[in-house]
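Encoded as structure tokens, the structure appears first; notes follow it.
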Amino acid sequence: MKYIFTKHAKIKFANLAKIGVTISKKDILGTVKNPQHLDKISDFPKIIASKTIDEIHILRVVFKSEDDIITIITFYPAKRGRYYEN
């Protein structure tokens with residue numbers, strides 16, 4: 001499996017760091033590979049994988065999967081319970 005980050009996703013790391021939020025590529029890939037919640041409906045054909053990152057937040061990763069290539073479009077932290085019950 002090959003993982004590609006869009007230009008937007010690459011910029012997102014720096015933008016979040018400016019406000020004190022540190023998310024690594026390892027966090028992103030871990031969420032895509034082993035999500036606690038997977039939404040294939042609300043933004044079809046994109047997929048949104050979610051995983052808890054601390055007691056208050058989840059990490060949401062928006063990506064596309066074609067053949068053996070997963071393209072990470074964007075990602076963002078969100079409050080737990082906002083998008084699904086976990």
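If you go through the stretch 55-84 and keep only what is within 19 Å of Gly20 (Cα to Cα), in contact with a strand residue (DSSP E or B) (Cβ under 9 Å, 6 or more places away or on another chain) and not aromatic (Phe, Trp, Tyr), you end up with Ile56, His57, Ile58, Leu59, Arg60, Val61, Thr74, Pro77, Ala78, Lys79, Arg80.
Being touching a Ser or Thr at 6+ places or on another chain (Cβ under 8 Å), more than 16 Å from Ala78 (Cα to Cα) and not aliphatic (A, V, I, L, M) narrows it down to one residue among Thr31, Thr6; which is it?
Details: Thr31 fails: more than 16 Å from Ala78 (Cα to Cα).
After ruling out the rest, the residue left standing is Thr6.
Looking at the stretch 39-60, which of its residues are in contact with a Pro (Cβ under 9 Å, 6 or more places away or on another chain) and among the polar types (S, T, N, Q)? The one that is in contact with a Pro (Cβ under 9 Å, 6 or more places away or on another chain) and among the polar types (S, T, N, Q): Ser50. Applying a threshold of 6 Å to beta carbon distances and a minimum spacing of six or more residues, or different chains, the list of pairs starting in the stretch 45-69 at a residue that is under 14 Å from Ala9 (Cα atoms) and ending at one that is in a loop (DSSP other than H, G, I, E, B) reads Leu59/Ile53; Val62/Lys46; Lys64/Lys46. Listed here are the strands (runs of 3 or more DSSP E) enclosed by the chain that have at least 3 residues being touching a helix residue (DSSP H, G or I) at 6+ places or on another chain (Cβ under 9 Å) and surrounded by 12 or more Cβ atoms within 10 Å (Cβ to Cβ): 47-52, 57-66, 69-79.
Every read-out reported here was derived from the displayed coordinates using simple, explicitly stated rules and does not represent laboratory data. As the structure is a prediction and not an experimental result, all values here were calculated from the model. Neighbour counts run over all protein chains shown; Cβ positions are idealised from the backbone, glycine included.
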